[in-house]
Amino acid sequence: MEQVATKNYIIDFDSTFTQVEALDILGEIALSDHLDKEERLAKIKAITDEGMNGSLTFRESLVKRLEILDAHKKHLPLLVKELKGKVSKSFRYNKEFFSSHSDNIFIISNGFKDFIVPIVAEYHVKESNVFANSFEFDAHGNIIGFDETNNLSVNGGKADQIKKMNLSGDVYVIGDGYTDYEIKAAGMANKFYAFTENVERDNVTEKADHITPSLDEFLYLNKMNKALSYPKNRISVLLLENIHPKAVELMKEEGYKVEVYPAGLDEDELCEKIKDVSILGIRSKTQVTARVLENANRLIAIGAFCIGTNQIDLAACNKKGVAVFNAPFSNTRSVVEMAIAEIIMLFRKLVERSNAMHDGRWEKSAKGSYEIRGKNLGIIGYGNIGAQLSVLAESIGLNVFYYDLEEKLALGNVKKCNTLKELLNKADIVTLHVDGRPENKNIFRAREFSWMRDDAIFINLSRGHVVDIIALRDNILSGKIAGCAIDVFPEEPKSNANEFISELRGLPNTLLTPHVGGSTQEAQENIAHFVPNKIMDYINTGSTSNSVDFPNLQLPAFENAHRLIHIHENMPGVLAKINQVLADHEINIVGQYLKTNELIGYVITDIDKEYDKQLIKELRGIEHTIKFRVLY
């Protein structure tokens, strides 16, 4: 029988095992009371970078940094405490790798044993497997230098150290610096993996056998024990339509590969672009059709960075096993404030007054200008926005009425109308806050306008297709409607570079805005937090809380278990088949959660035993399976 070669893992410490360079942190501690602290720290960082990119010999770098540090033995416990919180994220949750391979994991560093050993010991790395420099102290405990006989204090020292160790078997090096590459260059390692989770150096990555943005990637490539079933750097994210930078930042911090595109994409463009995308982020312009989803071979989730999801074929997403998340509350306040502002502007005819001033006309007059106090506000659609609008409107003196197809709790003194006609007969102001479902197309037509009071004003901040634009134009031109504010349109430009075309252009007392009801910095930042966190929670735990198309499951955290996610057509007997497969493999179920909707069933199963590839194959092969994935 052929003997499998021993595998040895050489891991760097600074900016690999930890997120930072330890001497930089020691400098912040030791220099905390120095007046020239910032200047010295900048010098230390510059010298560190010069040593890392090879433009300065390591020993020169070390000597210069220690001269600037002014450090003492008493600073080392503080440094260790700080570094324990700075261990690289992917190292922290992959402790099993370190414990399983402790005999063959070696820390070889140009740093110092004095602070390295206490850190790596918590990850089952043996002290005898740590090779690094040692500080030298004077009689008062001041750090005055290092052991210059140690070959790790000079360039090429890492390769020399490995040569002395005379390791049997294969050697794999994981590190971020040029000195780590030198091990491979000297012929002392089979492969060099450039670790880029914390820092990326071009002159190092270009020399690497493989770039590994996290320890997960290294473990995945080498088919080893890992905390995650799939490296996050292999999860590809496409964010369209100028989504807030905070969302980009959060997803990059999570480890995803993120691509940003400023505008929407048409169907053909998106069909091509989405082929290898795992997460798609859009706003209101991009249409995710069934045809687009047919080309989405790897799509896990879609984030709608807005309230509405009518631009997404949710039924097709269900059939494809794609979870959709939106932001139902994040921009509510922004839309409500805009509605209040527009009510005041239209009753005071401020748009026409402003336009006249721009034309050089001074039209000072109270004619046609009214206060809003005591007027009747009619809200069509008493959801999150409609309800909050009613509270603010009542507080500034409006009498508020609402109409909704569903039974809703009326807030304050708001009065419910039993029919739409009843509301329109009462209201001086009509404002639409309905959702974008297809059956709401043109719910406001010539008949509905005829039911409105003469000289009422009309506001639509909901969806463009719910209003017959020609009927609205005719009622403005006839004087039946005294003014309108429209933020959404049946057809909207794909980007800011395209012309806006509408029959409403040029009408009197008409306020047109480019779909910006929820476009405030606060709202966009709220959305940029909310949607990515929902998607990341789904990918990390399987939780579908607030999903638009999936059955909603809020799942507990799982420890010491493996979580299996099974999405299937809502057919009888699937759960029984899942459990039979698990029973056949003698696997105990720690916890199981099932929820269904009319199209799909969503099953989460936590198991407490190692699983093999055959189990996965059988679970994927169950009839009516749409998608199956393993969290770890």
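The values are calculated or read from the model by the stated rules, or taken from the named source; none is laboratory data. This is a predicted model, so every value here is computed, not measured. Here the Cβ positions follow ideal geometry from the backbone for every residue, glycine too, while neighbour counts run over all protein chains shown.
When VAL516, VAL488, VAL467, VAL531 are checked against the criterion of being within 30 Å of LYS257 (Cβ to Cβ) and aliphatic (A, V, I, L, M), a single residue qualifies: VAL531. Whenever a residue of region 32-44 is over 13 Å from ASP70 (Cα atoms) and in contact (Cβ under 8 Å) with a residue 12 or more places away in the chain, its partners that are of a type in the set (A, V, I, L, M, F, W, C) and surrounded by 10 or more Cβ atoms within 10 Å (Cβ to Cβ), lying with C-beta atoms within less than 8 angstrom and at least six residues away or across chains, give the pairs LYS43/ILE68.
Counting residues in region 612-632 that are surrounded by 17 or more Cβ atoms within 10 Å (Cβ to Cβ) and small (Gly, Ala, Ser) gives zero. When you look at ASN384, is it outside the structural domain of LEU411 (by TED's automatic domain parsing) and either closer than 30 Å to ALA528 by Cα or crowded, with 20+ Cβ neighbours inside 10 Å (or both), yes or no? The answer is no for ASN384.
If I filter region 92-99 for residues that are within 33 Å of the chain's Cα centre (by Cα), crowded, with 19+ Cβ neighbours inside 10 Å and not in a helix (DSSP H, G or I), do I get at least one hit? So far as region 92-99 goes, yes, one or more of its residues are within 33 Å of the chain's Cα centre (by Cα), crowded, with 19+ Cβ neighbours inside 10 Å and not in a helix (DSSP H, G or I). The condition of being free of Cβ contacts under 8 Å to residues at least 24 places away in the same chain, under 40 Å from the mean Cα position of the chain (by Cα) and under 24 Å from ASP474 (Cα atoms) holds for only one of GLU394, GLU439, GLU422, GLU407, that being GLU439. Taking ILE379 as the residue in question, decide whether it is in contact with a His (Cβ under 7 Å, 6 or more places away or on another chain), aliphatic (A, V, I, L, M) and in the same structural domain as THR510 (by TED's automatic domain parsing). For ILE379, the condition - in contact with a His (Cβ under 7 Å, 6 or more places away or on another chain), aliphatic (A, V, I, L, M) and in the same structural domain as THR510 (by TED's automatic domain parsing) - is met.
Being touching a Gly at 6+ places or on another chain (Cβ under 9 Å) and not assigned by TED's automatic domain parsing to the domain that holds GLY303 narrows it down to one of TYR193, TYR230, so name that one. Step by step, each of TYR193, TYR230 is checked, and only TYR193 is touching a Gly at 6+ places or on another chain (Cβ under 9 Å) and not assigned by TED's automatic domain parsing to the domain that holds GLY303.
Being touching a helix residue (DSSP H, G or I) at 6+ places or on another chain (Cβ under 8 Å) and acidic (Asp, Glu) holds for only one residue in ASP138, ASP170, ASP180, and it is ASP180. Among the candidates SER109, SER153, SER90, the residue that is closer than 30 Å to ALA561 by Cβ and in contact (Cβ under 8 Å) with a residue 40 or more places away in the chain is uniquely SER90. Among the residues of region 603-619, those that are within 17 Å of ALA576 (Cβ to Cβ) and either in contact with a Phe, Trp or Tyr (Cβ under 6 Å, 6 or more places away or on another chain) or not assigned by TED's automatic domain parsing to the domain that holds PRO572 (or both) comprise ILE604, LEU619.
Taken together, ILE607, ILE589 contain a single residue that is surrounded by fewer than 19 Cβ atoms within 10 Å (Cβ to Cβ) and more than 20 Å from ASN546 (Cα to Cα), which is ILE589. Going through (1) among the basic types (Lys, Arg); (2) touching a residue at least 60 places away in the same chain (Cβ under 8 Å); (3) farther than 30 Å from GLU197 by Cα one by one, ARG298 falls short only on (3). Scanning region 413-446 for residues that are loosely packed, with under 12 Cβ neighbours inside 10 Å and touching a helix residue (DSSP H, G or I) at 6+ places or on another chain (Cβ under 9 Å) turns up ASN413, PRO438. Checked against the criterion of being more than 36 Å from the chain's Cα centre (by Cα) and either at pLDDT 90 or above or farther than 20 Å from PHE17 by Cα (or both), the candidates ILE211, ILE174, ILE183 yield just one match: ILE183.
Are any of the residues in region 473-485 part of a strand (DSSP E or B), touching a residue at least 60 places away in the same chain (Cβ under 8 Å) and in contact with an Asp or Glu (Cβ under 8 Å, 6 or more places away or on another chain)? So that I can check it myself, show each step before the final result.
In the first step, residues of region 473-485 are kept if they are part of a strand (DSSP E or B); the result is 481-485.
Applying the additional criterion that residues be touching a residue at least 60 places away in the same chain (Cβ under 8 Å) yields 482-485.
Among the residues that remain, those that are also in contact with an Asp or Glu (Cβ under 8 Å, 6 or more places away or on another chain) are: 482, 485.
Yes; the residues of region 473-485 include at least one that is part of a strand (DSSP E or B), touching a residue at least 60 places away in the same chain (Cβ under 8 Å) and in contact with an Asp or Glu (Cβ under 8 Å, 6 or more places away or on another chain).
Contact map, region 253-267: first residue outside the structural domain of LEU280 (by TED's automatic domain parsing) and at pLDDT 95 or above, second residue surrounded by fewer than 16 Cβ atoms within 10 Å (Cβ to Cβ) and of a type in the set (Lys, Arg), Cβ cut-off under 9 Å, separation 6 or more or different chains; the map is empty. Listed conditions (1) under 18 Å from VAL336 (Cβ atoms); (2) in contact with a His (Cβ under 9 Å, 6 or more places away or on another chain) are all met by PRO438, apart from (1). Residue count for region 489-543, restricted to those that are over 18 Å from ALA323 (Cβ atoms), surrounded by 14 or more Cβ atoms within 10 Å (Cβ to Cβ) and hydroxyl-bearing (Ser, Thr, Tyr): 5. For region 140-186, the set of residues classified as in a helix (DSSP H, G or I) and in contact with a Leu (Cβ under 8 Å, 6 or more places away or on another chain) consists of SER153, LYS158, GLN161, listed by residue number. All of (1) assigned by TED's automatic domain parsing to the domain that holds GLY378; (2) at pLDDT 95 or above hold for GLY506 with one exception: (2).
Residue under question is LEU377, and the condition is that it be in contact with a helix residue (DSSP H, G or I) (Cβ under 7 Å, 6 or more places away or on another chain), surrounded by fewer than 17 Cβ atoms within 10 Å (Cβ to Cβ) and aliphatic (A, V, I, L, M); does it hold?
Judged against the criteria, LEU377 is not a match.
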